[in-house]
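What follows is a set of notes on a single structure, which appears directly below.
The values are calculated or read from the model by the stated rules, or taken from the named source; none is laboratory data. Note that this is a predicted model, so its numbers are computed, not measured. Reconstructed Cβ throughout: ideal geometry from the backbone, glycine too, with neighbour counts over all protein chains shown. Each accessible area value is taken on the protein alone, full model and side chains, heavy atoms only, with ligands, DNA and RNA left out. Shrake-Rupley method; radii C 1.70, N 1.55, O 1.52, S 1.80 Å.
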2 protein chains.
Amino acid sequence: MQIAIVLFDGFTALDAVGPYETLGRLPDSETVFVAERTGPVRTDNAHLALTADRTLAEVPSPDVVVVPGGPGQTGQMDNEALLGWIRAADAAGTWTVSVCTGSLLLAAAGLLEGRRATSHWLALDELKRFGAEPTGERVVTDGKYVTAAGVSSGIDMGLTLVGRIAGDFVAQAVQLGIEYDPQPPYDAGAPQKAPADVVELMRSRSRFILGREEPR
Amino acid sequence: MQIAIVLFDGFTALDAVGPYETLGRLPDSETVFVAERTGPVRTDNAHLALTADRTLAEVPSPDVVVVPGGPGQTGQMDNEALLGWIRAADAAGTWTVSVCTGSLLLAAAGLLEGRRATSHWLALDELKRFGAEPTGERVVTDGKYVTAAGVSSGIDMGLTLVGRIAGDFVAQAVQLGIEYDPQPPYDAGAPQKAPADVVELMRSRSRFILGREEPR
């Protein structure tokens, strides 16, 4: 089983690394990081680079396609080289998944029309404008499409998909291996839970967080 | 504020990326990935590389030192170039933190003698042999040292430290930004919670997971 994780300038690192540390632990699987060009690809704040080991063209038909999000996603919405690859890989593969605003790229590729899906909480309105049906769930499965909410949700998504692919035992072994027994020191991880002033701050900064202007 | 995250061959990606996506969002901070040599550094399964942008020598006195773990940690326990840098950076800085078996490197550098600390659940006995006092907590603070349990715990550790450094409001904003509202599909993230046969499997494979032979 080949798992391809797509990188592009300005992606968010944890969007890619959450699925890598879960799906990437599937027995008899190979994970490959792909981008238009091989070499280092910088994250949203440019303080980190992950290496793309293969070009998109070199990995035409992975079994699982993982599309992360991040502020750089806006720069890819008209990138037909990337969107065309996503479309072709989706047609050939078994699972097409996204984390955070990666779902906007799946939507831009035409894959989420009329489908239940999710994205970063600040991007749900935009996801709807692309024809998807946003839900309030953290991980949404609709057919072969598994979309996850913001950034850290890729871990939950990855474990969910490991369970679907390899069963509960393997998924639990992966969870125990990465000691995923979350104990956040605050309960502010969703807009329904965070203090109102924290939510307001993040809304006011959404164009920096998501790399786009406010929804109109 | 300068945050240095150390890379070495065979580290576990999420050990480093969890702190990066939390501590790295501190206002007025700069995160820099460091290693003995600049360039790509491969993770435990070699399917991913993160770029070290600076050598250890180029970053002598960060405010926060972050030491990840992973199977490659065993190869660093006698690496005086790395351990000496950790010791000197610790003496100069404000916080010295680890994720997973990174705490064994702090212990090997002589920093955890008699201190409360933690590590990956499979490595707690080894941590004790190095003179630290393992606890059952997910994030342990003892003076300037903050150690975290396995792999994914670096997110909880990072949020905890963001709160200590910049206050609850900022920490909650970071949590909401990365939408860290964990909803794992299983409750198997700790050995006390996982099914016995899953725990037994992981114990039997600990030398592969931790990169060392079984504790004796």
Practice item. At 7 Å along the Cα-to-beta-carbon direction for both A:Arg37 and B:Arg207, put a label point, then send me their distance in nm to one decimal. Key: 4.5
Practice item. Would you mind working out the magnitude of the charge dipole of the protein assembly as shown relative to its Cα centre, with +1 at each Lys and Arg C-beta and -1 at each Asp and Glu C-beta, to the nearest 20 Debye? Key: 60
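Step by step: find N for the stretch A:124-214, compute 2.2 N^0.38 Å, then divide the Cα radius of gyration by it. What's the final number? Write out the running numbers ahead of the final one.
Working: Rg = 15.7 Å, N = 91, 2.2 N^0.38 = 12.2 Å.
That works out to 1.29 for the stretch A:124-214.
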Check your understanding: Quick one: label points 7 angstrom along Cα→Cβ at B:Glu200, distances to the other copies in nm, smallest first?
Key -> 5.7
Practice item. Output, in nm with one decimal and in ascending order, the distances from the A:Gly39 label point to the matching label points of the other copies (7 Å from Cα along Cα-to-Cβ). Key: 1.5
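At 20 °C and 1.002 mPa s, grab the translational diffusion coefficient of the stretch B:1-142 from Stokes-Einstein with a Kirkwood Rh over Cα pairs, rounded to a whole number in µm² per second. Intermediate values should be presented prior to the final figure.
Details: Rh = 14.8 Å.
Approximately 144 µm²/s, per Stokes-Einstein.
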Review point. Mind checking which lysines have their C-alpha under 21 Å from A:Lys144, skipping anything on the same chain fewer than 8 residues away?
Key: A:Lys128
Review point. So what's the gap between the Cα centers of the stretch A:1-31 and the stretch B:15-55, to the nearest angstrom?
Key: 17
Review point. Hey, got a sec? Which trypsin sites (Lys or Arg not before Pro) in the stretch B:34-116 land in a DSSP loop and have at most 15 other Cβ atoms within 10 Å?
Key: B:Arg37
Review point. Using alpha carbon centroids, what distance separates the stretch A:121-156 and the stretch B:71-102, in Å?
Key: 39
Practice item. Run through all the Cα pairs of the stretch B:25-99 and give the fraction in each 10 Å bin from 0, expressed as whole percent. Key: 17, 53, 28, 3
Check your understanding: When only Cα pairs under 8 Å and 6 or more residues apart are kept, what is the percent relative contact order across the stretch B:2-183?
Key -> 22
Review point. At what distance in nm do the modelled label points of A:Glu113 and A:Gln183 sit from each other, each positioned 7 Å from its Cα along Cα→Cβ?
Key: 4.9
**Study point:** Rg and Dmax [Cα atoms of the stretch A:1-65; Å; Rg one decimal, Dmax integer]
**Key:** 11.4, 34
Revision key, fill the gap. Unit-weight point scatterers at every alpha-carbon of the stretch B:76-133, Debye formula, q = 0.20 1/Å: log10 I(q)/I(0) is -0.67
Exercise for review: Work out from phi, with θ = phi - 60° and the Karplus expression 6.51 cos²θ - 1.76 cosθ + 1.60, the ³J(HN,Hα) of each residue of the stretch A:60-66, listed in order in whole Hz, and give x for Gly and Pro.
Suggested key: x, 9, x, 6, 10, 9, 10
Review point. Between B:Phe169 and B:Gln192, what is the FRET efficiency for a Förster distance of 25 Å, r being their Cβ-Cβ separation, to the nearest 0.05?
Key: 0.15
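How long are the three semi-axes of the equivalent ellipsoid for the protein assembly as shown, computed from the Cα gyration tensor as the root of 5 times each eigenvalue, in whole Å, largest first? Don't jump to the answer; show the numbers that get you there.
Details: eigenvalues 212, 107, 86 Å².
Each semi-axis is √(5λ); the values are 33, 23, 21 Å.
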Check your understanding: To one decimal in nm, how far is A:Gly143 from the same spot in the other copies, if labels go 7 Å from Cα toward Cβ? Please give the shortest first.
Key -> 6.0
Review point. Comparing the chain by itself with all protein chains present, which residues of the stretch B:144-163 are at least 10 Å² less accessible (probe 1.4 Å)?
Key: B:Ala149, B:Gly150, B:Val151, B:Ser152, B:Ile155, B:Asp156, B:Leu159, B:Thr160
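At a probe of 1.4 Å, how much accessible area disappears from chains A and B on forming the pair, both sides counted, to the nearest 100 Å²?
Values: alone 10450 and 10440 Å², together 15180 Å².
What A and B bury together is about 5700 Å².
Kirkwood hydrodynamic radius, computed over distinct alpha-carbon pairs, for the stretch B:59-216: how many Å, to one decimal?
Numbers: mean 1/r = 0.0613 Å⁻¹.
Result for the stretch B:59-216 stands at 16.3 Å.
With a 1.4 Å probe and all protein chains left in place, how much of the accessible area of chain A comes from carbon and sulfur atoms, in whole percent?
Carbon and sulfur atoms account for 47 percent of the accessible area of chain A.
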Exercise for review: Kindly report the accessible area of the stretch A:2-183 per residue (heavy atoms of protein chains, probe 1.4 Å, no ligands, DNA or RNA), in Å².
Suggested key: 30
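Expressed as a rounded percentage, what relative contact order does the stretch A:118-187 have, with Cα pairs under 8 Å and six or more residues apart?
On the way: 59 pairs, mean separation 15.2, N = 70.
Reported relative contact order: 22 percent.
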Check your understanding: By a straight-distance test (C-alpha under 16 Å), which aspartates and glutamates pair with B:Lys193 as possible cross-link partners, with residues fewer than eight away in the same chain excluded?
Key -> A:Asp168, A:Glu179, A:Asp181, B:Glu137
